[in-house]
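Taken together, the values in this text are just the output of simple stated rules run on the coordinates, not laboratory data. The structure presented is a predicted model; accordingly, all values stated were derived computationally and were not measured. Here Cβ is always computed from backbone atoms with ideal geometry, including for glycine, and neighbour counts include all displayed protein chains.
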């Protein structure tokens, strides 16, 4: 059974004084800007970065500035109203009765957090200095988490825009199977795995027509879902080995013919920004973890709704998806997917982040968690939770 994340507790970490956040197969992080949504992803990325790079020294230093996150110094990480110098990250999973618990000591100007101790399933491991910090995240098979496994993708908000040439990265894709956090390896990924059959029926596009016993290829499925964003899109890839690059272009199928190839720079941002998201969702296996920031960027509302539906389909297929979004269209795509039975209500977690002022004057983040029912209805709409359409409509009446 896959070991998925079911909860995350952050203590004195950035905007959080002490906050538990539940995770489900599909988890939405919503709220106004600067409310701490990205900090949730950063906490997970900090742990993965440390495990992946194996850069912890014998003193248990977790480097704050690496290939996945750049958090600054200890002062940037410690909660402003902290009553002590201890930062904690606790991860709950489907396979552990307790949790994985990291406790760090903060130093104001240091570019790393010093690990004090690590607890797994309620049992404190030996002193960090005697075993070396990198061993703490070696992910033994009995508790290996999807956030430490190769079956992982992170796509940040700042993805590659339209580019005629993309880097050819056989190491990152062929060995690590990574799209890159900017989606920079998407062309290599499609070139390498585009002919691989996708055997998760919940991901199939409704228009896919199969021969008996066959499954769609990844590239075919990507094009079908891309048609929801830009109708008739076809993807062309040509390797340029002499410059370690892949030329990416698009053509468009019309009734009775297909257009010539167009450079990505001539077809707008939406296709380029969305392509890595489609490949991540359609190319992952059950048990994978996908972290997405602002999948709605540069998309027409119809496309945003379809992205919401596809994320729901991925969750139903056993892929864990955590999304930071400002889009009510993405939310509504998920709600419709629940109503249609594509995904169940207990597979979806909705979180709204807000900043109430505490009695002592400090400002921390509070997370409100509305629930969705089988008809796609939401039981509680806190102030600021995708309510601007209604407010604007009332102003126009």
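Structural remarks
- Helix 269-283 axis, angle to the chain major axis (alpha carbon atoms, nearest 10°): 70
- The angle separating the long axis of helix 301-316 from the principal Cα axis of greatest extent in the chain is about 60 degrees.
- Secondary-structure-derived ellipticity at 222 nm for the chain, considering helices only, amounts to -7000 deg cm²/dmol, per-run term -39500 (n - 2.57) for DSSP H runs with n ≥ 4.
- Computed over the chain with a Gaussian network model linking Cα atoms closer than 10 Å, the most mobile of 245, 169, 187 is 245.
- Over the C-alpha trace of region 229-339, radius of gyration and Dmax come out as 15.7, 51 angstrom.
- Each DSSP beta bridge with both residues in the chain is either parallel or antiparallel, and the antiparallel ones are about 75%.
- Separation in nanometres of the label points that stand 7 Å from Cα toward Cβ, at residue 109 and residue 164: 4.9
- Near-label residues of region 323-340 by backbone N, under 12 Å of a point 7 Å along Cα→Cβ of residue 392: 328-329
- Stokes-Einstein diffusion of the chain at 20 °C, 1.002 mPa s viscosity, Kirkwood radius from Cα pairs, rounded to a whole number: 96 µm²/s.
- The mean of 1/r over all pairs of different alpha-carbon atoms in region 217-266, once inverted, gives a Kirkwood hydrodynamic radius of 11.8 Å.
- Label point distance in nm, residue 255-residue 363, each placed 7 Å from Cα along Cα→Cβ: 5.6
- Cα-only Debye scattering, region 159-283: base-10 log of I(q)/I(0) at q = 0.13, 0.14 Å⁻¹: -0.51, -0.59
- Inter-probe distance in nm under a simple model that places probes 7 Å from Cα toward Cβ, at residue 32 and residue 326: 1.2
- Highest-MSF residue in the chain out of 158, 228, 285 [GNM, Cα springs under 10 Å]: 158
- For the chain: relative contact order, % (alpha-carbon pairs under 8 angstrom, 6 or more apart): 18
- For the chain, the longest principal axis of the C-alpha atoms and the axis of helix 37-53 are separated by about 80°.
- Extension gain from residue 157 to residue 300, taking 0.36 nm per residue of separation minus the Cα-Cα distance: 49.8 nm
- Subtracting the Cα-Cα distance of residue 80 and residue 242 from 0.36 nm times their residue separation leaves 53.2 nm of extension gain.
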